[in-house]
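The values are calculated or read from the model by the stated rules, or taken from the named source; none is laboratory data. None of the values given here were measured: they were computed from a predicted structure. Neighbour counts run over all protein chains shown; Cβ positions are idealised from the backbone, glycine included. For accessibility, only protein heavy atoms count, side chains too; no ligands or nucleic acids. Shrake-Rupley method; radii C 1.70, N 1.55, O 1.52, S 1.80 Å.
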Amino acid sequence: MKVRDFCCGIALFLAIAFTARLAAQNPPSWTAPFPPHHIAGNLYYVGSEDLASYLIVTPQGNILINSSFEENVPLIQKSVEQLGFHFSDTKILLISHAHNDHCAGAAMVKKLTGAKYMVMDADVPVIESGGKKDFHYGDHPDMRFPPTKVDRVLHDGDKVQLGDTVLTAHLTAGHTRGTTTWTFDETDSGLSGGAEGHRTLHVVIVGSPNVNPGYKLVDNTAYPQIATDYHSGFQVLKSLPCDIFLGAHGGYYGMKEKYLSWKMSSNAFAKLEPRFIDPEGYKSYIADREQAFEAELKRQESRK
Ligand SMILES: [Zn+2]
(Lines give C-alpha, C1' and ligand atoms only; values in the text may rest on other atoms or scores of the structure.)
Protein backbone atom coordinates (compact mmCIF):
# COMPACT_ATOMS: atom_id res chain seq x y z
CA MET A 1 0.00 0.00 0.00
CA LYS A 2 1.31 3.43 -0.94
CA VAL A 3 1.75 5.90 1.89
CA ARG A 4 -0.90 8.19 0.41
CA ASP A 5 -3.45 5.35 0.18
CA PHE A 6 -2.61 4.29 3.72
CA CYS A 7 -3.21 7.82 4.99
CA CYS A 8 -6.47 8.03 3.08
CA GLY A 9 -7.38 4.66 4.56
CA ILE A 10 -6.67 5.95 8.06
CA ALA A 11 -8.63 9.14 7.39
CA LEU A 12 -11.54 7.13 6.04
CA PHE A 13 -11.36 4.74 9.01
CA LEU A 14 -11.31 7.67 11.46
CA ALA A 15 -14.21 9.34 9.65
CA ILE A 16 -16.28 6.14 9.80
CA ALA A 17 -15.34 5.54 13.45
CA PHE A 18 -16.22 9.14 14.33
CA THR A 19 -19.55 8.91 12.49
CA ALA A 20 -20.33 5.59 14.19
CA ARG A 21 -19.49 7.07 17.59
CA LEU A 22 -21.70 10.07 16.91
CA ALA A 23 -24.54 7.80 15.82
CA ALA A 24 -24.18 5.81 19.04
CA GLN A 25 -24.32 8.95 21.16
CA ASN A 26 -27.51 9.69 23.01
CA PRO A 27 -29.39 12.97 22.57
CA PRO A 28 -27.96 15.69 24.87
CA SER A 29 -31.47 16.22 26.29
CA TRP A 30 -31.22 12.81 27.96
CA THR A 31 -28.56 14.04 30.38
CA ALA A 32 -29.25 17.81 30.45
CA PRO A 33 -30.55 19.09 33.80
CA PHE A 34 -34.11 20.40 33.94
CA PRO A 35 -35.84 22.32 36.76
CA PRO A 36 -37.54 19.86 39.13
CA HIS A 37 -41.21 20.73 39.51
CA HIS A 38 -44.50 19.89 41.16
CA ILE A 39 -47.01 18.01 38.99
CA ALA A 40 -49.98 17.41 41.29
CA GLY A 41 -50.64 16.36 44.88
CA ASN A 42 -47.58 14.45 46.13
CA LEU A 43 -46.12 13.93 42.63
CA TYR A 44 -43.01 15.70 41.30
CA TYR A 45 -40.79 15.66 38.21
CA VAL A 46 -37.11 15.03 39.04
CA GLY A 47 -35.73 13.87 35.68
CA SER A 48 -33.53 15.38 32.99
CA GLU A 49 -34.73 17.43 30.03
CA ASP A 50 -36.11 14.29 28.37
CA LEU A 51 -35.51 11.20 30.53
CA ALA A 52 -38.41 11.36 32.94
CA SER A 53 -38.07 10.45 36.61
CA TYR A 54 -40.91 10.95 39.06
CA LEU A 55 -40.93 11.31 42.83
CA ILE A 56 -43.99 10.41 44.89
CA VAL A 57 -43.73 11.70 48.43
CA THR A 58 -45.50 10.00 51.34
CA PRO A 59 -45.15 10.22 55.14
CA GLN A 60 -43.72 6.67 55.01
CA GLY A 61 -40.98 7.60 52.54
CA ASN A 62 -40.80 8.19 48.81
CA ILE A 63 -41.18 6.29 45.56
CA LEU A 64 -38.86 7.00 42.64
CA ILE A 65 -39.85 5.97 39.13
CA ASN A 66 -36.91 5.58 36.68
CA SER A 67 -33.29 5.89 37.75
CA SER A 68 -32.20 6.76 34.17
CA PHE A 69 -28.46 6.37 33.43
CA GLU A 70 -25.88 6.14 36.22
CA GLU A 71 -24.65 9.61 35.30
CA ASN A 72 -28.20 10.94 35.80
CA VAL A 73 -28.46 9.72 39.39
CA PRO A 74 -26.62 12.74 40.93
CA LEU A 75 -28.87 15.00 38.85
CA ILE A 76 -32.00 13.22 40.18
CA GLN A 77 -30.64 13.40 43.74
CA LYS A 78 -30.02 17.14 43.34
CA SER A 79 -33.55 17.64 41.98
CA VAL A 80 -35.08 15.76 44.91
CA GLU A 81 -33.10 17.87 47.38
CA GLN A 82 -33.89 21.11 45.54
CA LEU A 83 -37.57 20.34 46.11
CA GLY A 84 -36.85 20.03 49.85
CA PHE A 85 -36.93 16.24 50.14
CA HIS A 86 -34.25 13.70 51.12
CA PHE A 87 -32.94 11.27 48.51
CA SER A 88 -32.23 8.84 51.36
CA ASP A 89 -36.01 8.66 52.00
CA THR A 90 -36.44 6.74 48.71
CA LYS A 91 -38.03 3.45 49.83
CA ILE A 92 -39.23 2.02 46.51
CA LEU A 93 -37.66 2.19 43.04
CA LEU A 94 -39.79 1.43 39.97
CA ILE A 95 -39.17 1.61 36.21
CA SER A 96 -41.06 2.19 32.97
CA HIS A 97 -39.15 -0.57 31.18
CA ALA A 98 -35.82 -2.40 31.16
CA HIS A 99 -33.83 -0.21 28.77
CA ASN A 100 -30.65 1.43 30.01
CA ASP A 101 -31.98 4.99 29.65
CA HIS A 102 -34.56 4.22 32.36
CA CYS A 103 -32.84 1.64 34.57
CA ALA A 104 -29.02 1.78 34.31
CA GLY A 105 -28.69 3.84 37.52
CA ALA A 106 -30.85 1.45 39.57
CA ALA A 107 -27.93 -0.31 41.28
CA MET A 108 -26.55 3.08 42.30
CA VAL A 109 -29.94 4.27 43.61
CA LYS A 110 -30.30 1.05 45.64
CA LYS A 111 -26.81 1.49 47.06
CA LEU A 112 -27.36 5.14 47.98
CA THR A 113 -30.85 4.78 49.45
CA GLY A 114 -31.52 1.11 50.25
CA ALA A 115 -34.72 1.33 48.17
CA LYS A 116 -36.54 -1.88 47.23
CA TYR A 117 -36.50 -2.44 43.48
CA MET A 118 -39.81 -3.67 42.05
CA VAL A 119 -39.96 -4.77 38.41
CA MET A 120 -42.56 -6.39 36.11
CA ASP A 121 -41.93 -10.17 35.82
CA ALA A 122 -41.04 -10.25 32.12
CA ASP A 123 -38.42 -7.49 32.50
CA VAL A 124 -36.72 -9.10 35.53
CA PRO A 125 -34.28 -11.35 33.54
CA VAL A 126 -33.16 -8.29 31.55
CA ILE A 127 -32.60 -6.22 34.71
CA GLU A 128 -30.76 -8.99 36.55
CA SER A 129 -28.54 -9.77 33.52
CA GLY A 130 -27.61 -6.13 32.96
CA GLY A 131 -29.35 -6.05 29.58
CA LYS A 132 -27.87 -9.29 28.18
CA LYS A 133 -31.28 -10.97 28.03
CA ASP A 134 -32.98 -8.16 26.12
CA PHE A 135 -34.70 -9.67 23.06
CA HIS A 136 -33.30 -7.02 20.71
CA TYR A 137 -30.32 -5.30 22.37
CA GLY A 138 -28.84 -8.34 24.12
CA ASP A 139 -25.79 -8.29 21.85
CA HIS A 140 -25.29 -4.51 21.98
CA PRO A 141 -22.56 -3.68 24.53
CA ASP A 142 -23.66 -0.01 24.42
CA MET A 143 -27.01 -0.97 25.91
CA ARG A 144 -25.59 -2.86 28.93
CA PHE A 145 -25.91 -1.66 32.49
CA PRO A 146 -24.93 -2.96 35.94
CA PRO A 147 -26.93 -6.14 36.67
CA THR A 148 -29.30 -5.31 39.51
CA LYS A 149 -31.12 -7.55 41.98
CA VAL A 150 -34.89 -7.18 41.90
CA ASP A 151 -36.47 -7.24 45.37
CA ARG A 152 -40.09 -7.75 44.34
CA VAL A 153 -41.31 -9.32 41.10
CA LEU A 154 -44.49 -7.63 39.89
CA HIS A 155 -47.28 -9.11 37.80
CA ASP A 156 -49.81 -7.39 35.59
CA GLY A 157 -52.32 -5.52 37.79
CA ASP A 158 -50.20 -5.66 40.96
CA LYS A 159 -50.39 -2.77 43.42
CA VAL A 160 -47.45 -0.97 44.96
CA GLN A 161 -48.37 0.88 48.13
CA LEU A 162 -46.51 3.33 50.32
CA GLY A 163 -48.41 5.46 52.81
CA ASP A 164 -51.77 6.32 51.26
CA THR A 165 -50.46 6.14 47.72
CA VAL A 166 -51.35 3.05 45.70
CA LEU A 167 -49.92 2.57 42.22
CA THR A 168 -51.12 -0.06 39.74
CA ALA A 169 -48.66 -1.77 37.39
CA HIS A 170 -50.20 -2.35 33.94
CA LEU A 171 -48.33 -4.62 31.55
CA THR A 172 -48.13 -2.80 28.20
CA ALA A 173 -45.49 -4.99 26.54
CA GLY A 174 -43.94 -4.97 23.09
CA HIS A 175 -41.29 -2.27 23.49
CA THR A 176 -39.83 -4.64 26.10
CA ARG A 177 -41.44 -7.82 27.35
CA GLY A 178 -42.27 -6.18 30.67
CA THR A 179 -42.96 -2.55 29.73
CA THR A 180 -45.04 -1.12 32.55
CA THR A 181 -47.53 1.74 32.51
CA TRP A 182 -48.13 3.12 35.99
CA THR A 183 -51.44 4.58 37.14
CA PHE A 184 -52.59 6.15 40.39
CA ASP A 185 -54.91 8.85 41.62
CA GLU A 186 -54.05 12.26 42.99
CA THR A 187 -56.36 14.58 44.87
CA ASP A 188 -55.40 18.11 44.09
CA SER A 189 -56.78 21.20 45.72
CA GLY A 190 -56.97 24.79 44.56
CA LEU A 191 -58.49 23.96 41.19
CA SER A 192 -61.07 26.13 39.54
CA GLY A 193 -63.49 23.25 39.07
CA GLY A 194 -65.84 22.81 42.02
CA ALA A 195 -66.50 24.93 45.09
CA GLU A 196 -65.10 22.22 47.31
CA GLY A 197 -61.70 22.81 45.69
CA HIS A 198 -60.79 19.14 45.43
CA ARG A 199 -60.84 16.79 42.50
CA THR A 200 -59.53 13.30 41.83
CA LEU A 201 -57.02 13.24 39.02
CA HIS A 202 -56.15 10.01 37.22
CA VAL A 203 -52.41 9.90 36.53
CA VAL A 204 -50.99 7.74 33.73
CA ILE A 205 -47.24 7.28 33.23
CA VAL A 206 -46.94 5.63 29.81
CA GLY A 207 -44.23 2.91 29.76
CA SER A 208 -43.50 3.15 25.99
CA PRO A 209 -45.75 2.27 23.05
CA ASN A 210 -42.94 2.83 20.55
CA VAL A 211 -41.45 0.49 17.95
CA ASN A 212 -37.70 1.09 17.96
CA PRO A 213 -35.68 1.16 14.72
CA GLY A 214 -34.79 -2.41 13.74
CA TYR A 215 -37.54 -4.09 15.79
CA LYS A 216 -38.87 -7.20 14.02
CA LEU A 217 -42.64 -7.39 14.40
CA VAL A 218 -42.97 -10.38 12.06
CA ASP A 219 -41.23 -13.76 12.49
CA ASN A 220 -39.32 -12.57 15.51
CA THR A 221 -37.78 -15.77 16.86
CA ALA A 222 -36.45 -14.03 19.99
CA TYR A 223 -39.89 -12.59 20.82
CA PRO A 224 -42.53 -14.46 18.78
CA GLN A 225 -45.57 -12.75 20.39
CA ILE A 226 -44.23 -9.19 20.01
CA ALA A 227 -47.01 -7.95 17.70
CA THR A 228 -49.76 -9.52 19.86
CA ASP A 229 -48.21 -7.86 22.92
CA TYR A 230 -48.21 -4.44 21.24
CA HIS A 231 -51.88 -4.97 20.28
CA SER A 232 -52.82 -5.90 23.87
CA GLY A 233 -50.79 -2.97 25.19
CA PHE A 234 -52.72 -0.50 23.04
CA GLN A 235 -56.02 -1.97 24.25
CA VAL A 236 -54.88 -1.41 27.84
CA LEU A 237 -53.64 2.12 27.15
CA LYS A 238 -56.91 3.06 25.44
CA SER A 239 -58.91 1.76 28.41
CA LEU A 240 -57.13 3.78 31.09
CA PRO A 241 -58.85 6.92 32.37
CA CYS A 242 -56.33 9.75 32.17
CA ASP A 243 -56.33 13.33 33.43
CA ILE A 244 -52.60 13.81 33.98
CA PHE A 245 -50.65 12.49 31.00
CA LEU A 246 -47.01 11.56 31.73
CA GLY A 247 -44.50 9.11 30.25
CA ALA A 248 -41.06 7.53 30.34
CA HIS A 249 -39.71 10.40 28.22
CA GLY A 250 -40.77 14.01 28.70
CA GLY A 251 -41.16 14.16 24.93
CA TYR A 252 -44.17 11.81 25.04
CA TYR A 253 -46.31 14.45 26.70
CA GLY A 254 -44.56 17.69 25.74
CA MET A 255 -43.17 18.12 29.26
CA LYS A 256 -40.81 20.96 28.39
CA GLU A 257 -43.40 22.93 26.46
CA LYS A 258 -46.06 22.44 29.14
CA TYR A 259 -43.65 23.44 31.89
CA LEU A 260 -42.38 26.52 30.05
CA SER A 261 -45.81 27.70 28.90
CA TRP A 262 -47.00 27.63 32.50
CA LYS A 263 -43.87 29.47 33.67
CA MET A 264 -44.38 32.13 31.00
CA SER A 265 -48.06 32.57 31.75
CA SER A 266 -48.99 35.82 33.46
CA ASN A 267 -52.58 34.65 33.76
CA ALA A 268 -53.30 34.08 37.43
CA PHE A 269 -56.24 31.84 36.56
CA ALA A 270 -53.99 29.65 34.42
CA LYS A 271 -51.61 29.25 37.33
CA LEU A 272 -54.39 27.63 39.31
CA GLU A 273 -54.84 24.98 36.66
CA PRO A 274 -52.48 22.03 36.94
CA ARG A 275 -50.45 22.37 33.80
CA PHE A 276 -50.23 18.66 33.07
CA ILE A 277 -53.97 17.92 32.89
CA ASP A 278 -54.30 16.81 29.28
CA PRO A 279 -56.79 13.99 28.64
CA GLU A 280 -57.05 14.89 24.95
CA GLY A 281 -53.27 14.95 24.55
CA TYR A 282 -53.14 11.46 26.04
CA LYS A 283 -55.77 10.10 23.66
CA SER A 284 -54.17 11.60 20.58
CA TYR A 285 -50.67 10.43 21.59
CA ILE A 286 -51.85 6.83 22.04
CA ALA A 287 -53.83 6.96 18.77
CA ASP A 288 -50.78 8.33 16.94
CA ARG A 289 -48.47 5.63 18.35
CA GLU A 290 -50.98 2.88 17.54
CA GLN A 291 -51.20 4.15 13.97
CA ALA A 292 -47.39 4.17 13.72
CA PHE A 293 -47.24 0.60 15.05
CA GLU A 294 -49.94 -0.64 12.63
CA ALA A 295 -48.19 1.04 9.67
CA GLU A 296 -44.85 -0.57 10.58
CA LEU A 297 -46.52 -3.98 11.05
CA LYS A 298 -48.20 -3.69 7.65
CA ARG A 299 -44.91 -2.66 6.03
CA GLN A 300 -43.09 -5.66 7.51
CA GLU A 301 -45.91 -8.08 6.64
CA SER A 302 -45.94 -6.91 3.02
CA ARG A 303 -42.23 -7.67 2.71
CA LYS A 304 -42.60 -11.31 3.83
ZN1 LIG B 1 -36.94 1.97 25.60
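Taking region 275-291 as the range and being assigned to a helix (DSSP H, G or I) and either open to solvent by less than 40 Å² (accessible area, probe 1.4 Å) or among the aromatic types (Phe, Trp, Tyr) (or both) as the test, the residues that pass are 281, 282, 285, 286, 290. Among the residues of region 208-230, the ones that are open to solvent by 70 Å² or more (accessible area, probe 1.4 Å) and either more than 14 Å from the ligand (Cβ to nearest atom) or polar (S, T, N, Q) (or both) come to 6 in all.
From the set of residues in region 198-207 that are modelled with pLDDT of 95 or more and buried (at least 18 other Cβ atoms within 10 Å of the Cβ), which is nearest to the ligand (Cβ to nearest atom)? Walk me through how you get there before you give the answer.
Applying the first criterion (modelled with pLDDT of 95 or more) to region 198-207 yields 202-207.
Adding the requirement that they be buried (at least 18 other Cβ atoms within 10 Å of the Cβ) leaves 203-207.
On the way: 203: 21, 204: 17, 205: 14, 206: 12, 207: 9 Å.
Looking at the filtered set, the residue picked out is 207.
In region 240-273, of all residues being among the small types (Gly, Ala, Ser) and modelled with pLDDT under 95, the one that is most open to solvent (accessible area, probe 1.4 Å) corresponds to 266.
When you go through 142, 123 one by one, which is the residue that is open to solvent by 70 Å² or more (accessible area, probe 1.4 Å), within 16 Å of the ligand (Cβ to nearest atom) and in contact (Cβ under 8 Å) with a residue 12 or more places away in the chain? Break it down stepwise before answering.
Working: 123 fails: open to solvent by 70 Å² or more (accessible area, probe 1.4 Å).
Answer to the check: 142.
Report those strands (runs of 3 or more DSSP E) wholly inside region 101-184 carrying at least 3 residues which are at pLDDT 95 or above and over 26 Å from residue 78 (Cβ atoms).
Working: elements: 116-120, 152-154, 159-162, 165-171.
It comes to 152-154, 165-171.
Within region 57-93, take every residue that is within 16 Å of the ligand (Cβ to nearest atom) and under 20 Å from residue 143 (Cβ atoms) and give me the one that is most open to solvent (accessible area, probe 1.4 Å).
First, the residues of region 57-93 that are within 16 Å of the ligand (Cβ to nearest atom): 65-69, 72.
Still in the list and also under 20 Å from residue 143 (Cβ atoms): 66-69, 72.
Numbers: 66: 0, 67: 0, 68: 2, 69: 21, 72: 2 Å².
Among those residues, the one meeting the criterion is 69.
Restricting attention to region 233-248, the residues that are closer than 13 Å to residue 208 by Cα, among the small types (Gly, Ala, Ser) and part of a helix (DSSP H, G or I) add up to 1.
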